[in-house]
Every structure is written in structure tokens, then in C-alpha cells.
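The values are calculated or read from the model by the stated rules, or taken from the named source; none is laboratory data. All values reported here derive from a predicted model rather than from experimental measurement. Cβ: placed from backbone, ideal geometry, glycine included. Neighbour counts: every protein chain shown.
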Amino acid sequence: MGSGRLYLTVAAGGFRRYATYRLATAAGVFTNTVFGVILVYTYLALWDEKPHLGGYDQAQAVTYVWLGQCLYATLAIQGGGAEKDLMERIRTGEIAVDLYRPADLQLWWMAGDMGRALFQMLGRGVVPFLFGALFFPMALPTAVTPWAAFVITLLLAAVVSFAIRYLAALSVFWLMDGMGVNQALMITGIFFSGMVLPLNAFPGVLGEIVRALPWAAQIQMPADVLMGETAPLGAFAFQAAWAVALLAAGRLLQSVATRRVVVQGG
Amino acid sequence: MRDEDVFIELDGVEKVFEVRRKTGFMKRERRTVRAVDSISFRVARGEMVGYIGPNGAGKSTTIKMLTGILTPSGGRLRVAGIDPSRERTRLAHRIGVVFGQRTTLWWDLPLIDSYKLMHRMYRIPDARYRENLDRLVELLDLGDLLDVPVRQLSLGQRMRGDIAAALLHDPEVLYLDEPTIGLDVISKAKVRDFLRELNTERGTTVLLTTHDLQDIEQLCSRVMVIDHGRMMYDGPLAGLHEVGESERTLVVDLERELPPIEAPPARVVKVEGPRQWLAFPAAESAAVLVARIAAEYPLVDLSVREPDIEAVIAKMYAEQADRAERAIS
Ligand SMILES: Nc1ncnc2c1ncn2[C@@H]1O[C@H](COP(=O)(O)OP(=O)(O)OP(=O)(O)O)[C@@H](O)[C@H]1O
Ligand SMILES: [Mg+2]
């Protein structure tokens, strides 16, 4: 109970911290809107050639695009969330300060990242999505249930997203530098989350594989739940399984890192 | 010190780092650094101890072991009877840490937000939190800063903010790693006054590292000097003079220019017209020396200069480095 309040405070701090970057937020809203427009016209051309690609009709493809733009910063698809700070703190030795606190490192960073995600969603994600809904035909549900399910799947997506990036960040304890890891995060994030093309549209074995990887929990699952393309319970189970597995791996790596590896600097 | 008073206890503590260095394409060399080399000391509850030594001596490494974020490679270490690296979280509620070069505060948010976080993190009862916050804000002069984002604070303001953050939960011991680094004279004085009050009024045990010997002179009755991970000296500050074979200086003004005064064991180190500077062992009596000179020379005026603790320590570091060099060659 007491620690619940602690992590709520940490999450609130994460939220407010990102809220102070007003210019970056405005620039982000603009970028995601422009990108969304470009992607929508590309998709429409593609779906003209191949109707029902990935099982989507044109309105669903458009919805998918705007959802992707909405979740792009929220889920830190190409990185830039808590893991960026964490890597920097490990590299410079600032992590020492986090380690002597009577708090759990993983929960601490997750709480902060959840606060960030919520802000990025409200401050940066919602506007492009509304813009899309206003100017393009979208396939949005009118009932309450799919939206409720959508909220749950978003929450799980945020946890999976954090868990992947947390693992990546911890590697800096050994690598001493986050450059390569960040690039790997960015490429895998953009490609395997379905930022470029819905994972449903990936052909053959490649499609089978990408749809089973944890990144599928990030955009594909929420999109399919929202548009009623998949059963919500199955999606939850898929996301929760990856969340638990990745968080457990993070916990393991964290205990090895803090026990064996050394904090940098005086 | 009585056994029940011992709060911090180190027994032959060591920390060895293994460093891997790239020496060429695909070639790596392994080397070990003995950052702390068999250090033993005890600190009693309520003591205020200075922990000094040249760069790379092992001070920060010792403090990291005391907080539990580094595990010793050897030896035995206890703080309040607890092994820090095994029970880091339990111990965290009883210790406060300030790393002068790092901050525990939320960079982008107002100072007060970090304190609210400490409130939750250390589960400080509401009444006690408010009382402590009020006291610290007053003593450390933070009133106008609470709503300022930490990144906008000056170094001295931030340091005071960090010290307050480390003390909100009433820790029994406070470790300070270079708390006055980069501060101006006034900020240093504020921090020192505060630490003195903390130690005398509240009985908080304080262990502090610094490169500013004035911190030690003004605050600590006991000082520990380490170099290359080894304890060189542990005792009262005054005792350093004897160990360091420090010298006092007698400045005499004679009636006229004269050849250098002969008064062993004092020796003339400088002559400027009728004024002469004589160095003599700090332990010798100045009165005897003055009487002897006055009997033989036409003395007009004199003054005695106390040895500079800084010089003493510099000499100690240099001698240690010399010895190390000789050991290698
Ligand atoms: N993470 C590390 N990996 C390898 N060597 C380290 C590490 N941390 C410290 N050392 C080495 O251990 C020795 C002691 O370092 P430490 O930081 O404890 O010195 P210090 O007394 O605090 O010095 P300073 O006054 O410069 O802060 C140094 O030789 C340093 O290079
Ligand atoms: Mg240091």
C-alpha cells in the first residue's frame, strides 16, 4: 500500500516531467500528423492494388495508420522513453543514486515510463488521431465494450514496450555504451511493431514469426482489438504472457547486473 | 570507544576492480585495480569524521561499499550491525547519502516534488515529514527554491537541496562525498554550519570526504587519510603535524641586514633585507627559540606562523608517491 503510493508519485513525476517539454510535444504532434497523412495516402494506393491486404479494408487500414501515429510516442516505438535515461545513468554512474534508494529499480523505472506514456498519449497521440478521424473515413467502434477492451490492451502494450526497453537498457551495464542498443531498439521497434506495415500483411513464415514476437503486442494487438479483428481475451493473454516473461527476464538481469557489475565513476 | 557505541565497522575491507582494456584489434588486457586495500576502522555513533586522500585514493569506493551499492571483494563491513550489500534496502532507511557530483533530485521538476517523493519512498509519517521539511528548509535556506525546477538551481543551491533530501527521513548516519565541491565561500560556510549543527544538535553520525581541508579543520575532530587504498593516518587533526613532520615558521625583523641566523634546529629558509624566515619543527617550543635569538641578535619584531595543514598533507601524499615509485623501480 505504502509502496503503491510511492510508484504513483514516481509515475506522476514522469508525467509532469514530459509535460515540461512543451516545444518538443508540439513538434511531435506536427510530425505525427504529417507522417500520418503521407502514410494514409501510401496505404490507400497500396490497398487499391491489393484490396483486403492483411484482412483489412481501406477504412481499417486508415484507422491502423492513425492508431500507429497515436501510439508511436506513447509506446516509445523507436525508443526515447525511460530506457534512454536509464542507459545514460548507467553509463555515467548516476545509477548509484538509484541503487541506494529503498525502492525496486524495475518498478521505479516502469512507473516513470507509465507516467511518460500517459502524457505522450494525451499530449502527443490524441491530436493526430482526432485529426485522422475528422478528415479520413475510419473504422471505429460505436459500442463501449471494444473501447474498454482497447484501454486494457493499451495498458498491457505499454508494459510490454517498457519490458523490452528495460532489458535493452540493462545491457549497458556490460556494454558501457548505449549507441548500438538504441539503434537496434529503433530498427526492431519500427519494423516488428508494424509501424511500416501492419503485421497482418506480412506474408508466409515471416508473418507467422513477427506476429508471435513481443513487438506484436504493441500496435497490432491494440488495433485488432479496437477494430474487432481479434478476440480481446486472446489478445490480453498474448500480451500478458510476453509482459510477464520479459519483466521476469529484466528482473533476473537486474539482479545479476547490480550484484556483479560495477557502478561507474567516483 | 565502547563496543556498543560502534556504528560503522570495517575489518580488512578490500575492493578490487577488474578492468579490461583494449590494447589492439581484438586484443584485450585484464588488469586489476586495488581501489581499497585492507582498510580497517571504526566510527562511533555521533562522531564526525573526515575521510581524505588524493584523487583515486579509494574514498568514493569506500562510501559506495558503506551504502551497499558495491560489494567488498574481501574483509568484513558492518553499518549498524548490518551488512550493507546484503541488506541494502533495509539499511537505506537508516542512512543518508550525498554524492556531491551527482544529484538525487528530479532534474526537470520543482525541488518540492523530489521531497514529496522522499516522503513516500522512506514512508515518513506525515507529521514528521512536515516538521523535518520545515526545519531543513529554514536551516538550509531553501524557502524560495521549493518551486524552482532543479535544473535551474545553482550548484550551491542544488547541493543544499540534495542535503535536505538526504535528511528528511532522519538517518542515523550521513555520508557526504565531496559536499562542498565547486561551492563559493558563502555556500561552503552555510553547508558547514548546517553540518556542525546536525552533528551536535541531533547527534547524527557524519562521514565526509573532501579535498577542501578547511571542511575538516572546521568540522572534524578526527580525520582519516587514505592513499592508494591504504590507511595512512587515523587520529585527531592536530596529530597530523607530528606524523607529517610539519614545520612552523618564525619571521624575525632585525635592526639591520645580517648574515643568516644560526639557531639549530631552526634553519633560515629566506632572507629579505633585515627580515629573515626560519623554519623549525612544529613540536619545538617557539619561546625557547625566540629567547635564544633575542639573546644573540638585535631583534626588533617577530611573528610565528603555524604550519599549514594543506602543506602537511601535500607532503604526506608526495612521500607516499615517492615510496611507491621506489618500490616499482
Ligand atoms: N568502476 C570502476 N572500475 C574500475 N576502476 C575503478 C572503478 N571505480 C573506481 N575505480 C578505481 O579505483 C580507485 C579509487 O577510486 P575512487 O573513486 O574510490 O577514488 P576517490 O578517492 O574517490 O578519488 P577522487 O578524490 O578523485 O574522487 C581509482 O584508481 C579508480 O580508477
Ligand atoms: Mg571520489
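Being on the phi < 0 side of the Ramachandran plot and modelled with pLDDT of 95 or more: is that true of B:Gly50 here?
yes
Looking at the range B:201-228, which of its residues are of a type in the set (Gly, Ala, Ser) and within 14 Å of ligand 1 (Cβ to nearest atom)? Walk me through how you get there before you give the answer.
Step one: filter the range B:201-228 for residues of a type in the set (Gly, Ala, Ser), giving B:203, B:221.
Listed by number, the list is empty, since nothing qualifies.
State yes or no: is B:Arg135 within 23 Å of B:His119 (Cα to Cα) and assigned by TED's automatic domain parsing to the domain that holds B:Met48?
Here the answer is yes, as B:Arg135 does meet what is asked.
If B:Asp184 satisfies every condition in (1) at pLDDT 95 or above; (2) more than 16 Å from ligand 2 (Cβ to nearest atom) but one, which is the exception?
(1)
Considering the range B:89-111 alone, what residues qualify as being among the charged types (D, E, K, R) and within 7 Å of chain A (Cβ to nearest Cβ)?
B:Arg102, B:Asp108
For the range A:29-49, state whether one or more residues are more than 14 Å from every other protein chain (Cβ to nearest Cβ), within 20 Å of A:Ala139 (Cα to Cα), touching a residue at least 60 places away in the same chain (Cβ under 8 Å) and part of a loop (DSSP other than H, G, I, E, B).
no
Restricting to the range A:174-195, what's the tally of residues that are exposed (fewer than 14 other Cβ atoms within 10 Å of the Cβ) and β-branched (Val, Ile, Thr)?
1
Residues in the range B:55-77: is at least one within 13 Å of B:Met231 (Cα to Cα) and touching a Pro at 6+ places or on another chain (Cβ under 9 Å)?
no
In the range B:146-157, what residues are within 14 Å of another protein chain (Cβ to nearest Cβ) and touching a residue at least 40 places away in the same chain (Cβ under 8 Å)?
B:Pro149, B:Val150, B:Arg151
Consider A:Met179 carefully, then state whether it is hydrophobic (A, V, I, L, M, F, W, C), more than 16 Å from ligand 1 (Cβ to nearest atom) and closer than 22 Å to A:Leu67 by Cβ.
Spelling it out, it is not the case that A:Met179 is hydrophobic (A, V, I, L, M, F, W, C), more than 16 Å from ligand 1 (Cβ to nearest atom) and closer than 22 Å to A:Leu67 by Cβ.
Can you tell me how many residues in the range B:66-88 are touching a residue at least 60 places away in the same chain (Cβ under 8 Å), more than 7 Å from chain A (Cβ to nearest Cβ) and under 17 Å from A:Pro102 (Cβ atoms)?
3
Looking at the range A:220-239, I want the residues that are under 15 Å from A:Val151 (Cβ atoms) and touching a residue at least 24 places away in the same chain (Cβ under 8 Å) and have a partner that is in a helix (DSSP H, G or I) and among the charged types (D, E, K, R) with Cβ atoms under 9 Å, at least 6 apart or on another chain. Which pairs are those?
Sorted first by the residue in the range A:220-239, then by its partner, the pairs are A:Ala235/A:Asp224.
Of all residues in the range B:11-51, count the ones that are more than 14 Å from ligand 1 (Cβ to nearest atom), part of a strand (DSSP E or B) and in contact (Cβ under 8 Å) with a residue 24 or more places away in the chain.
Count: 10.
Picking from A:Ala103, A:Ala26, which residue would you name as being outside any helix (DSSP H, G or I), more than 22 Å from A:Phe192 (Cβ to Cβ) and of a type in the set (A, V, I, L, M, F, W, C)?
A:Ala103
How many residues does the range B:142-172 contain that are exposed (fewer than 15 other Cβ atoms within 10 Å of the Cβ) and closer than 20 Å to B:Gly100 by Cβ?
The total comes to 4.
Answer with yes or no whether A:Ala133 is away from chain B (no Cβ under 14 Å), more than 25 Å from A:Ala212 (Cα to Cα) and not β-branched (Val, Ile, Thr).
Numbers: away from chain B (no Cβ under 14 Å): yes; more than 25 Å from A:Ala212 (Cα to Cα): yes; not β-branched (Val, Ile, Thr): yes.
Answer is yes for this residue.
So, in the range B:237-255, exactly how many residues are touching a Gly at 6+ places or on another chain (Cβ under 9 Å) and among the basic types (Lys, Arg)?
Going through the range B:237-255 one residue at a time, the tally reaches 0.
Just name the residue that is farthest from B:Met48 (Cα to Cα) out of those in the range B:229-271 that are of a type outside the set (Gly, Ala, Ser) and under 16 Å from the mean Cα position of the chain (by Cα).
B:Arg230
Do the conditions hold for B:Gly96, that is, is it buried (at least 24 other Cβ atoms within 10 Å of the Cβ), modelled with pLDDT under 95 and touching a helix residue (DSSP H, G or I) at 6+ places or on another chain (Cβ under 9 Å)?
Taking the combined requirement at face value, the residue does not satisfy it.
Show the residue pairs that are 6+ apart or on different chains and have beta-carbon atoms under 9 Å apart, the first residue being within the range B:121-145 and within 14 Å of chain A (Cβ to nearest Cβ) and touching a residue at least 24 places away in the same chain (Cβ under 8 Å), the second being buried (at least 19 other Cβ atoms within 10 Å of the Cβ) and acidic (Asp, Glu).
none
Filter the range B:204-247 down to the residues that are over 13 Å from B:Ile313 (Cβ atoms) and among the hydroxyl-bearing types (Ser, Thr, Tyr) and list them by number.
Matches in the range B:204-247: B:Thr204, B:Thr205, B:Thr209, B:Ser221.
Of all residues in the range A:85-107, count the ones that are more than 9 Å from every other protein chain (Cβ to nearest Cβ) and surrounded by fewer than 22 Cβ atoms within 10 Å (Cβ to Cβ).
7
Is at least one residue of the range B:181-192 on the phi < 0 side of the Ramachandran plot, within 14 Å of chain A (Cβ to nearest Cβ) and under 15 Å from the mean Cα position of the chain (by Cα)?
Yes; the residues of the range B:181-192 include at least one that is on the phi < 0 side of the Ramachandran plot, within 14 Å of chain A (Cβ to nearest Cβ) and under 15 Å from the mean Cα position of the chain (by Cα).
Please work out if B:Leu117 is within 13 Å of chain A (Cβ to nearest Cβ), free of Cβ contacts under 8 Å to residues at least 12 places away in the same chain and assigned to a helix (DSSP H, G or I). I'd like the intermediate steps shown before the answer.
Numbers: within 13 Å of chain A (Cβ to nearest Cβ): yes; free of Cβ contacts under 8 Å to residues at least 12 places away in the same chain: yes; assigned to a helix (DSSP H, G or I): yes.
For B:Leu117, the condition - within 13 Å of chain A (Cβ to nearest Cβ), free of Cβ contacts under 8 Å to residues at least 12 places away in the same chain and assigned to a helix (DSSP H, G or I) - is met.
Can you find, within the range B:38-65, the residue that is surrounded by the fewest Cβ atoms within 10 Å (Cβ to Cβ) among those that are of a type in the set (Gly, Ala, Ser) and more than 11 Å from chain A (Cβ to nearest Cβ)?
Taking the candidates together, the pick is B:Ser40.
Name the residue that is farthest from the chain's Cα centre (by Cα), counting only residues in the range B:33-84 that are away from ligand 2 (no atom under 13 Å from the Cβ) and polar (S, T, N, Q).
Top of the filtered list is B:Ser73.
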